[in-house]
Structure formats: C-alpha cells, structure tokens
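These notes concern the structure reproduced below.
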C-alpha cells in the first residue's frame, strides 16, 4: 500500500514537471549518546525530504517524505498540501484568501516557543490530527484568521466501528492572530474541537471528546522577549488535564559583530500545580562557534529534571554539536540526540537546506 501511495504521488508530481517551478528541501538531525558503560543509543530526530512545486499563478503543491524509526526503517509519505490563492483568482483587494487542502495536520504559529529548555509554550493549542483536511486562511493585513476541518466536518466516523483499522478523528480548528497589530507583539487565540468517533472505548483508536480553548503570545522590545501560553479543555474531567499554561522571558544581546549572548527562563504549570517545571539556560555565540547550558527543575518535587551543556560549530549548512546531558527529565527540549535520553556524552549533526 505504501509503495502504491509513493507511486501515485510520483506520477501526480511528474504530470506537472514540465509546466511548473520546483524546489526541494532537506532536513537532517541525527546523533548518538553514550555513557561509556551500559548505555549507548543512536537515532534520527528528523530526516525529511520536502518537495514543493508552483503549478500556475494560483496554485502550488508541497509534500514530504520522512524517515520513520521503526523496525522496518520505513521511508514514509507524510501527506501533501495543495494551496490555492483564491483571493488572487477573484481579484480581491484588502484581504487575502487561501484554500489549503490535502492530507495534513494544520496548527498555529506557537509564538511562545522561545528560549532554552522552553516551558512557556506548555499551553500551546497543538496541531490537528493529520487527515484529509480543508483549511481556509484569511489575511486582513494586520490580522490573520484560519478555519480548518477534516473532510467529515465533525461527523462521527463510520468507517470502522471495530477499532481494528485506524479511524479518523473528527476535528475542527479555529485560529486568529497578528504579528503587526502592535509593534513587537505576536499573538494567536483559538479553539480546537474534537468529536468522539465510534471506536470501542479503550481501543487504540478511541478518541475522547474535547473542546480546547487556547492563546499564546510573545512581545519583544529592546532585546527582551516575554510571553506565554494558556489552554483549557472544557470537556476534561481529570485533575491535571483541564488546564495548561506557561510563561517565560528571554534577553538577547549582540556584544559586537561576532559575539552574541542570551539568557532565558520559563515555567509551566497546570490546574494541579501552579509552577511545575522551571526551565532555562544561557547561550553564547562567536562567529560560527557557540555553546549552550540548559536546565530543567521540578518545582513541585524540588528536584533536578536535567542539565544539558554543549558546544557547536557551524560549517556552512551543517552544524556539529558535542555535549553532555544528565539522565533525568529530557523527554523534550534538549539539544541532545533524539531517542537518547538516558544521559551521557552526545554528538548531534544537523544539516538543513
């Protein structure tokens, strides 16, 4: 089935090869971690080929192929998007209108994602489940808005009520935001609605009903960035799951043309714990060289959740990073190698173009 999908996409793209402008991108992020004793691991955080094509003056299409770290080491098709500039087609002025359709998982901008070991975006609304989705994007200049829905428009899925086959997740996503309404301010707010499907309760494809209302923002002035996020699920009935929030600050300074330094701190919490995880760190850059020291601390249990210290060099498009990370708390937001969260010395290589 996967081979058929890849063949179908290849044929579809090939049909426009002589009448379109093509572009390609490649994202690579891999590495290893070892404590030189009883733990060694290596893995890919990202291995992705992106293909984009401008079909005509109104339409463009993009698709991605990702490496999946499975037993079969699959190269998987990761959906596609067809973008149509409806505003240009209709000759509209003062408002931009885009239709984006395809196999995709639309999401917001996550303006609160900044700083070392970031916790400020803990309340970010998150992406829709990847599915056949129609997304309508409106641009009013200083304000943008979007409405996205999978193709069954929140109707309970009837494909398979046994749960033995992966089922669709009835979802809609509403967002509004701005990066220019106030100088230095970027914000978004919205709601993500998830309906129940017909998978039997407790099976792998069972999806709970939820209504998540969220907002996140950042504000930058004179090198100082502050921001945060907040979300609440009005359908949740379990303590700790109803509400999530975070806030943080980052100060960045260019000492001279070659040297830069920044320091950041942020925290996250939920409806059980006001300040749960504290994160932050310091970064120093000098030309193509740099270093980072990141930390996470559990304020609820008064215990360290991890320390990550590393240095790197940029050689053209490639970055080589060597560091050390402790073995606690780095399920995310670490510079260390993906899938290697047991602690030790690590190397990470990234190359994006």
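Please give the FRET efficiency for residue 49 paired with residue 286, using the beta carbon to beta carbon distance and R0 = 25 Å, rounded to the nearest 0.05.
0.15
In this label model, residue 182 and residue 97 are separated by 3.1 nm, measuring between points 7 Å along each Cα→Cβ vector. Scoring 242-250, 39-47 by mean Cβ neighbours within 10 Å over their residues and listing the highest first yields 242-250, 39-47.
Counting neighbouring Cβ atoms within 10 Å and putting the fewest first, the residues 274, 225 line up as 274, 225.
Express in whole angstrom the spacing between the alpha-carbon centres of segment 24-66 and segment 74-129. Taking the Cα centre of segment 74-129 as reference, the centre of segment 24-66 is 18 Å away.
Any read-out appearing in this document is the output of simple, stated calculations on the displayed coordinates, not a laboratory observation. Treat the numbers as computed from the prediction; the structure is a model and nothing was measured. Quick reminder, even Gly has a Cβ in these numbers, built from the backbone with ideal geometry, and neighbours come from all protein chains shown.
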